[in-house]
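First the structure, in the form of structure tokens, and then the observations on it.
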Amino acid sequence: MNNKLRIALLCFIGTLSFMSCHKIDDGSFVEPITLYEKVKGSWTLSDVLQIDETAKTAGIQPDEISLYDQFDFSTFQITLDVDADNRPTAYRVDGNAPELFPSSGFWDLDTDFPRAAGPAPVINLYSDAGKTSLIGQLNISAMPGANPVMDLTLTRKTAGVSFVSYQYKLSKANQ
């Protein structure tokens, strides 16, 4: 009986050793999707809201107004360019809408990937290609995903206190 147990054990070990040599193909490595891939390209405006932050804090109505029909915002289009590696390069704003932030320059995000918690990603706007001279910031208040829409918020502050915000509601331009 002892011999039969040894033979069974050796057969079991031999079978396991042959089975463990089989390599499972689990696919190839794919780089993770960055926020740059989601926000790059041309975006057209569907609405722009001016939000009175002081009135909102004080509970005074109305605290926001749509500027879309007030000025020529229907021609507004922002393009966020990236290079072949999906790294940000230049941006430009086209159209006849009032210029609430510089109409051209360079951009990047404050994070490459979505945050699990904490502040929304920020698009930093620069006047130089070296990205040393910050000229504006746009908070991404709605990130494109399954729906090709994005909301950007530009907030004006005095002494660290917000007094007015502009919320741009954008949709991906037909390419």
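Small (Gly, Ala, Ser) and part of a strand (DSSP E or B) - does that describe any residue in region 139-151? The answer is yes, given that some residue of region 139-151 is small (Gly, Ala, Ser) and part of a strand (DSSP E or B).
Under the condition of being among the hydroxyl-bearing types (Ser, Thr, Tyr) and in contact (Cβ under 8 Å) with a residue 24 or more places away in the chain, which residue from region 22-78 is farthest from ALA97 (Cα to Cα)?
Within region 22-78, the first condition is being among the hydroxyl-bearing types (Ser, Thr, Tyr), and the residues that meet it are 28, 34, 36, 42, 44, 46, 54, 57, 66, 68, 74-75.
Going one step further and asking which of them are in contact (Cβ under 8 Å) with a residue 24 or more places away in the chain, we end up with 34, 36, 42, 44, 46, 54, 74.
Numbers: THR34: 30, TYR36: 25, SER42: 16, THR44: 12, SER46: 13, THR54: 25, SER74: 8 Å.
It comes out as THR34.
Residue count for region 71-113, restricted to those that are at pLDDT below 95 and of a type in the set (Phe, Trp, Tyr): 5.
Only residues that are in a loop (DSSP other than H, G, I, E, B), surrounded by fewer than 16 Cβ atoms within 10 Å (Cβ to Cβ) and at pLDDT 75 or above were counted across region 1-53, and they come to 6.
Yes or no, residue by residue, for (1) closer than 14 Å to TRP43 by Cβ; (2) crowded, with 17+ Cβ neighbours inside 10 Å; (3) aliphatic (A, V, I, L, M):
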residue: ASN96; (1), (2), (3): no, no, no
residue: TRP107; (1), (2), (3): yes, yes, no
residue: ASP110; (1), (2), (3): no, no, no
residue: PRO114; (1), (2), (3): no, no, no
residue: SER133; (1), (2), (3): no, no, no
residue: ILE140; (1), (2), (3): yes, yes, yes
residue: ASP151; (1), (2), (3): yes, yes, no
residue: ALA159; (1), (2), (3): no, no, yes
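A single entry from PRO121, PRO144, PRO88, PRO98 fulfils the requirement of being farther than 20 Å from GLN167 by Cβ and in contact (Cβ under 8 Å) with a residue 24 or more places away in the chain: PRO88. Test LEU100 against the criterion of being within 14 Å of the chain's Cα centre (by Cα), surrounded by 12 or more Cβ atoms within 10 Å (Cβ to Cβ) and closer than 23 Å to ILE51 by Cβ, and give yes or no. Considered against the rule, which asks whether it is within 14 Å of the chain's Cα centre (by Cα), surrounded by 12 or more Cβ atoms within 10 Å (Cβ to Cβ) and closer than 23 Å to ILE51 by Cβ, LEU100 comes out as no.
The values are calculated or read from the model by the stated rules, or taken from the named source; none is laboratory data. Quick caveat: nothing in here was measured; it's all calculated off a predicted structure. Note that each Cβ is placed from the backbone with ideal geometry, even for glycine, and that neighbours are counted across all protein chains shown.
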